[in-house]
Amino acid sequence: MIKIYNTLTRKKEEFKPIEPGKVSMYVCGPTVYNLIHIGNARPMIIFDAFRRFLESKGYEVNYVSNFTDVDDKIIKKSIEEGVESSVISKRYIEECKKDMEGLNVRPATTHPLATEEIDGMIDMIQTLIDKGYAYAVEDGTVYFEIEKFAQYGKLSHKNMDDLQAGHRDIKVTGDLKKNDFDFVLWKPKKEGEPFWESPWCDGRPGWHIECSVMAKKYLGETIDIHAGGEDLIFPHHENEIAQSEAAYGVPFSNYWMHNGFLNIDNKKMSKSLGNFFTVRDIAEKYDLQVLRFFMLSAHYRSPLNFSDELMEAAKNGLDRIVTAAERLRELVEKSGLNPDAEPVEVTSVPDDYKALLAEAKAFEDKFDAAMEDDANTADAVSAIFELVKFVNVNTDESDNGAYLKAVYDELKKLCDILGIKLKKEEVILDSEIEALIEERQQARKSKNFARADEIRDELLAKGIVLKDTREGVKWEKA
Ligand code: AMP
Ligand code: ZN
């Protein structure tokens, strides 16, 4: 039985999908105005692992994760660079996809973009106005009126009377809202900003409405699971609930999952504190599989501290798993079997190995129990470590091939569910690429073109394409 801690009820509940065998899941994605930071990577990795687990149990998962591609920060950056805001968002969506690939986060079934769903947003806002939940003011701004939605606060467990009492003194003059907590559904354009026509004014949508609209369009009026970081509980997810439930009159999401925050050396990550890391920064020092493994080694609801020591520990842990797997692969190959072939049938394992194999398979039960218990990847990783220990003690050249392959299949199965890659790939770190490019520049300067070409070819063999541009040498992964 799969259990999920549901933020809505503050309880672990048995997971019962709306349609047997199918799961609809929406995960709030990043605002694309910059490279994603390692905090953004946490929900991506965690909910990707949970999706893989559900699929391993036979569920068909429709997984939707948006890119917020219209937002103040994107507009600010586009003004700074003197380009259209779509140039900024397209650039960082591409970069985000590269990071996701490095982190072995599978693409969503659909990655909708806010800017491509504006018609749906206008329709939903109109529905909310028609039903009396929203109102437009003089300047064309449309607000959601929270007083009209009696259950407002049910996700964040906030009592609106208390909240408002605290707010009474700080009402902003000139504000046209009826209530401080009324939130924007549509707002008028400002000079130089992207805008769309609407019945209320030329303008753009508020942030919350996009997720309500995309979840409905791609998954339906009621979805199984809605997820994101805990900072989104209030107001973002509270507002999504208000909009969707007011518009359609049915529950918006049956389960709400929220990951805890990632901190750096026990402090909140922030640019001003100088402790801010993008995923790309980490890729300069580590294979991104290490970052994935680091995130999986903690429970997703706990705060997670990031530090050099903890990353080194994750690197060593991952190495232990990969090294055991490689050794086992070699044993399988030596026995004449192909480690990548279909899993062997237990019946083909000789009787005198059956007890040992059962011992290996028992770690899968532990793994499953952990993942079924609110996606406890930390305990699932422990079960993998126990299996690795078993492998190191109970496999060698003298063992039966089918048995070795069956144990390898088991290890691979569990690692696949968490998205841990077992084969060491030829990983080339960004810092190594930069060093080789520098060496090539030096070689060219000293007219050693043979060495310069050799470096270019060496990089090409590793999938790195060099481009000589006016601003210097640029590289990209082919
Ligand atoms: P944003 O682009 O800020 O909307 O964030 C995209 C996703 O990353 C959301 O689910 C956030 O909750 C999550 N997120 C942002 N910062 C952190 C952090 N430091 N730790 C964990 N999750 C985060
Ligand atoms: Zn959202």
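I'd like the full set of residues that are open to solvent by 20 Å² or more (accessible area, probe 1.4 Å) and in contact (Cβ under 8 Å) with a residue 12 or more places away in the chain, limited to region 353-363. If the condition is that a residue be open to solvent by 20 Å² or more (accessible area, probe 1.4 Å) and in contact (Cβ under 8 Å) with a residue 12 or more places away in the chain, then 353, 356, 359, 361, 363 are the ones that fit. Of all the criteria given as (1) under 29 Å from residue 59 (Cβ atoms); (2) away from ligand 2 (no atom under 16 Å from the Cβ), the one not satisfied by residue 227 is (2). Whenever a residue of region 222-238 is of a type in the set (S, T, N, Q), its partners that are more than 10 Å from ligand 2 (Cβ to nearest atom), lying with C-beta atoms within less than 7 angstrom and at least six residues away or across chains, give the pairs 222/18; 222/250; 222/251; 222/252; 222/254.
Would you mind telling me which numbered condition in (1) of a type in the set (A, V, I, L, M, F, W, C); (2) surrounded by fewer than 18 Cβ atoms within 10 Å (Cβ to Cβ); (3) modelled with pLDDT of 95 or more; (4) in a loop (DSSP other than H, G, I, E, B) residue 313 fails? Among (1) of a type in the set (A, V, I, L, M, F, W, C); (2) surrounded by fewer than 18 Cβ atoms within 10 Å (Cβ to Cβ); (3) modelled with pLDDT of 95 or more; (4) in a loop (DSSP other than H, G, I, E, B), the lone unmet condition for residue 313 is (4). Only a single item in (1) touching a Gly at 6+ places or on another chain (Cβ under 6 Å); (2) crowded, with 20+ Cβ neighbours inside 10 Å is not met by residue 335, and it is number (2).
When the residues of region 218-260 are filtered to those that are open to solvent by 40 Å² or more (accessible area, probe 1.4 Å), more than 16 Å from ligand 1 (Cβ to nearest atom) and in a helix (DSSP H, G or I), which remaining residue is farthest from residue 181 (Cα to Cα)? Taking the candidates together, the pick is 218.
With a requirement of 3 or more residues that are at negative phi and either of a type in the set (A, V, I, L, M) or within 11 Å of ligand 1 (Cβ to nearest atom) (or both), the strands (runs of 3 or more DSSP E) lying completely within region 1-101 that satisfy it span 22-27, 60-65. For region 364-399, a residue qualifies if it is buried (at least 21 other Cβ atoms within 10 Å of the Cβ) and hydroxyl-bearing (Ser, Thr, Tyr), and exactly one does: 377. Exactly one residue out of 117, 55, 94, 101 is at pLDDT 95 or above, closer than 18 Å to residue 195 by Cα, charged (D, E, K, R) and surrounded by fewer than 23 Cβ atoms within 10 Å (Cβ to Cβ): that is 117. Among residues that are more than 12 Å from ligand 2 (Cβ to nearest atom), assigned to a helix (DSSP H, G or I) and open to solvent by less than 20 Å² (accessible area, probe 1.4 Å), residue 215 is not included. In the set 428, 433, only one residue is more than 26 Å from residue 356 (Cα to Cα), in contact (Cβ under 8 Å) with a residue 12 or more places away in the chain, β-branched (Val, Ile, Thr) and open to solvent by 10 Å² or more (accessible area, probe 1.4 Å); that residue is 428. Of the listed requirements (1) open to solvent by 40 Å² or more (accessible area, probe 1.4 Å); (2) in a loop (DSSP other than H, G, I, E, B); (3) within 26 Å of residue 74 (Cα to Cα), residue 140 misses just one: (1).
Out of region 400-410, which residues are of a type in the set (Asp, Glu) and open to solvent by 30 Å² or more (accessible area, probe 1.4 Å)? Listed by number, the list is empty, since nothing qualifies.
Say we look at region 261-285 and pick out the residues that are of a type in the set (S, T, N, Q) and either under 18 Å from the mean Cα position of the chain (by Cα) or open to solvent by 50 Å² or more (accessible area, probe 1.4 Å) (or both); which of these is modelled with the lowest pLDDT? Of everything passing the filter in region 261-285, 272 is modelled with the lowest pLDDT.
Can you spot a residue in region 426-434 that is of a type in the set (D, E, K, R) and more than 30 Å from the chain's Cα centre (by Cα)? Scanning region 426-434, I find no residue that is of a type in the set (D, E, K, R) and more than 30 Å from the chain's Cα centre (by Cα), so the answer is no. Pairing each residue of region 18-37 that is within 14 Å of ligand 2 (Cβ to nearest atom) with any residue that is modelled with pLDDT of 95 or more and in a loop (DSSP other than H, G, I, E, B), provided the two are 6+ apart or on different chains, yields C-beta distances under 6 Å for 29/66; 30/36; 32/69.
Look at (1) modelled with pLDDT of 95 or more; (2) farther than 23 Å from residue 378 by Cα; (3) of a type in the set (A, V, I, L, M, F, W, C) and you find that residue 79 fails only one, number (1).
The values are calculated or read from the model by the stated rules, or taken from the named source; none is laboratory data. All values reported here derive from a predicted model rather than from experimental measurement. Neighbour counts run over all protein chains shown; Cβ positions are idealised from the backbone, glycine included. To get the accessible areas, we keep the full protein, side chains included, count just its heavy atoms, and leave off ligands, DNA and RNA. Shrake-Rupley method; radii C 1.70, N 1.55, O 1.52, S 1.80 Å.
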